[in-house]
Amino acid sequence: MPMIAAFGPSREGLPVAPAAASAARRYPDVAMPPLDWNEDVARATAHLYERIKTVVPAIEWPFFAPYIKAINDLKKQRGAVILAHNYQTPEIYNCVADFVGDSLQLAREAAKTKAGVIVQCGVHFMAETAKILNPDKVVLIPDRRAGCSLAQSITAEDVRMLRDSFPGVPIVTYVNTSAEVKAESDICCTSSNALQVVESLGSDKVIFLPDEYLAKYVASQTSVKIIAWKGHCEVHERFTADELRSYRESDPSIKIIAHPECPPDVIEEADFTGSTAHMIDWVRERRPRRVVMVTECSMADNVQAELPDVQFVRPCNLCPHMKRITLPKILDSLVHMQEEVVVDPLIAGKARRAVERMIHLKS
Ligand code: SF4
């Protein structure tokens, strides 16, 4: 494997919240809509319940439906678009989101949208990416504490240290990083396009930050030498190869598909490895009878809602940061136009170059 080094300790804690900004002034508060469960709400949301009835019990719907109706009404009033990551819960992903996908798909939608307001149902670095690509738009995140262990594992100073240590070696940064880290990078990547990005640089050596396991996975697929960092996803690093072997022993026909943020011995047990978007496509195309999705637990619920004939085994590792986003917080976000994401324009300008260079790579 041509990976030649991995540097750096992980850091603790969540991102420092940027200062509050002007959205609340430009968009005055509206009254909180009524949240009663009644016949009008039932009628207006019946088609949405159809989408998720296999994964959300009927008894829970009277709680969700009033929020869903209120959010969808208010979204129109505010001229807002809701982007939701594949790890969001089914009632968010299927019932209020305008666009869903992995980090790359959401970044592309953020770049294309004509809406004046973007509500990011995902984690903070995703909302920052949307703001970097849309400096004149209002970007809201329903809970700014929605962080990411990978984004927290590295700082801009660490990237500068690596650039000084390896002069002339291009730096590829996973989108799961802060705007400051992106600003120090040559190009960003996601788990969908990491290999393509690394090979696009025409260099025999690349610094790949900050996910050590994704770096190892890319290194196993390319002759480019990879210099890595020791950042890990706290969700994917919890899966073990033993756990997957026990699934296979109990049902030899079961299919196992894994995200490349998992440790290498976990990936070795998988029938397929890919980003969340690629995992979904794999299940859509192959329609296995039974499948283990080795990634954040909610994604299996979302694919199950679409493909009820496939049986999903869910090793239930939840991302605590993704799970901070809830329907009540999304509604609050639209009523009060909070929490607005702010990125320093100088940082945003440099980070935009790295993100846009990735977006414009030919697939
Ligand atoms: S699943 Fe892992 S990489 Fe994704 S947001 Fe959560 S901690 Fe970060």
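The values are calculated or read from the model by the stated rules, or taken from the named source; none is laboratory data. From a predicted model like this one, the values you see are computed outputs, not experimental measurements. Positions of Cβ are generated from backbone atoms using ideal geometry, with glycine treated the same way; all protein chains shown enter the neighbour counts. Side chains are part of the model used for accessible areas, which takes the heavy atoms of the whole protein and leaves out ligands, DNA and RNA. Shrake-Rupley method; radii C 1.70, N 1.55, O 1.52, S 1.80 Å.
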Q: Only one of these is among the acidic types (Asp, Glu) and farther than 30 Å from Thr45 by Cα: Asp98, Asp136, Asp143. Name it.
A: Asp136
Q. Any residue in the stretch 153-175 that is within 12 Å of the ligand (Cβ to nearest atom) and either among the small types (Gly, Ala, Ser) or under 13 Å from Val341 (Cβ atoms) (or both)?
A. yes
Q | Lone qualifier among Pro288, Pro315, Pro260 - being open to solvent by less than 20 Å² (accessible area, probe 1.4 Å), of a type outside the set (Lys, Arg), at pLDDT below 95 and assigned to a loop (DSSP other than H, G, I, E, B) | A | Pro315
Q) So which residues in the stretch 105-152 are in a helix (DSSP H, G or I) and within 13 Å of the ligand (Cβ to nearest atom)? A) Leu106, His124, Phe125, Met126, Ala127, Glu128, Thr129, Ala151, Gln152
Q. Checking Leu83 against (1) of a type in the set (A, V, I, L, M, F, W, C); (2) out of contact with any Cys (no Cβ under 7 Å at 6 or more places or on another chain); (3) modelled with pLDDT of 95 or more, which single condition isn't satisfied?
A. (2)
Q.
From the list Arg357, Arg353, exactly one residue is in contact with a strand residue (DSSP E or B) (Cβ under 9 Å, 6 or more places away or on another chain) and free of Cβ contacts under 8 Å to residues at least 12 places away in the same chain. Which is it?
A. Arg353
Q.
Of the residues His232, His236, only one is within 13 Å of the ligand (Cβ to nearest atom) and open to solvent by 10 Å² or more (accessible area, probe 1.4 Å); which?
A. His232
Q.
Testing Thr129 on (1) touching a Leu at 6+ places or on another chain (Cβ under 7 Å); (2) open to solvent by less than 30 Å² (accessible area, probe 1.4 Å), one condition comes back false. Which one is that?
A. (1)
Q: Output the number of residues of the stretch 210-247 satisfying the condition of being over 20 Å from Cys188 (Cα atoms), of a type in the set (A, V, I, L, M) and in a helix (DSSP H, G or I).
A: 2
Q: Among the numbered conditions (1) more than 16 Å from the ligand (Cβ to nearest atom); (2) touching a residue at least 24 places away in the same chain (Cβ under 8 Å); (3) surrounded by fewer than 19 Cβ atoms within 10 Å (Cβ to Cβ), tell me where Asp281 comes up short.
A: (2)
Q | Identity of the residue in the stretch 318-338, outside any helix (DSSP H, G or I) and within 25 Å of Asp73 (Cα to Cα), that ends up nearest to the ligand (Cβ to nearest atom) | A | Ile325
Q. Can you tell me which of Ile267, Ile207 is assigned to a helix (DSSP H, G or I), more than 18 Å from the chain's Cα centre (by Cα) and not aromatic (Phe, Trp, Tyr)?
A. Ile267
